[in-house]
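Heads up: the structure comes next, in structure tokens.
All of the numbers you see were taken from the coordinates with simple rules; none came from a lab. Remember, predicted model here, so these are calculated numbers, not experimental data. Don't worry about glycine lacking a Cβ; one is built from the backbone with ideal geometry, like all the others, and counts go over all protein chains shown.
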Amino acid sequence: MPKLDIISEIKSDHAKVRDILLELIDTVSKRDAIRALEILLSLDKLTGPHFRWEEESFYPAHVKLFGRQYLEYLLGVHDRIVKRGKELATILAKGEITEEESETLPEVIRNDVLPHPIECDGITLLTSRLSKDDLERMAEDLERCRKEGIPLLEWAETIKDKVRVEKGFKAKALS
Ligand SMILES: [Fe+2]
């Protein structure tokens, strides 16, 4: 048996991300920039090892089932989320949220970020069709990524593109 139960681990991460994103939407709507920045930092910490593991282990294991084009789309979604995360951090670092931002930012989070945990959780529908070896490898990789604990924006700057080149992966460009 693998050390970690991959499906329950990933589902528990997604549930945490769901709760944090819903709280972020609520906080931004209420124009509380300081709390929103704290929430964004907690997301940066939680999603760094998760995204890294998805790209280094989880997605590659599923390519034989969902195919190369879908992989490129998923990588493109990660790039878009990193971009939105940076944009949001810059806005929140100003220390205030304008009335207009309190209306537009929740929609950006709903449209460009929230669909990913929903979709990614759906991929676990395929995970149970993978071999025991695949599950064990993914469990070991998840432990490694969590242990290293690199936050999302740091991972995106230092590791993401290098690993994609090594694996021969390219991302679909999403607007
Ligand atoms: Fe995920």
How large is the Rg to Rh ratio of the chain when both quantities use alpha carbon positions and Rh follows Kirkwood? 0.98
Estimated [θ] at 222 nm from DSSP helical runs (n ≥ 4, -39500 (n - 2.57)) normalised by residues in the chain, nearest 500: -25500 deg cm²/dmol
Net dipole in debye of the chain [+1 Lys, Arg Cβ; -1 Asp, Glu Cβ; about Cα centre; nearest 20]: 540
Taking the Cα centre of the range 83-175 as origin and charging only Cβ (+1 Lys, Arg; -1 Asp, Glu), how large is the dipole, in debye to the nearest 20? 540
Just in the range 67-145: which trypsin sites (Lys or Arg not before Pro) are loop by DSSP and have at most 11 other Cβ atoms within 10 Å? LYS94, ARG129
Compute the distance in nm between two label points, each set 7 Å from the Cα along the Cα-to-Cβ direction, one at ARG31 and one at TYR70. 4.4
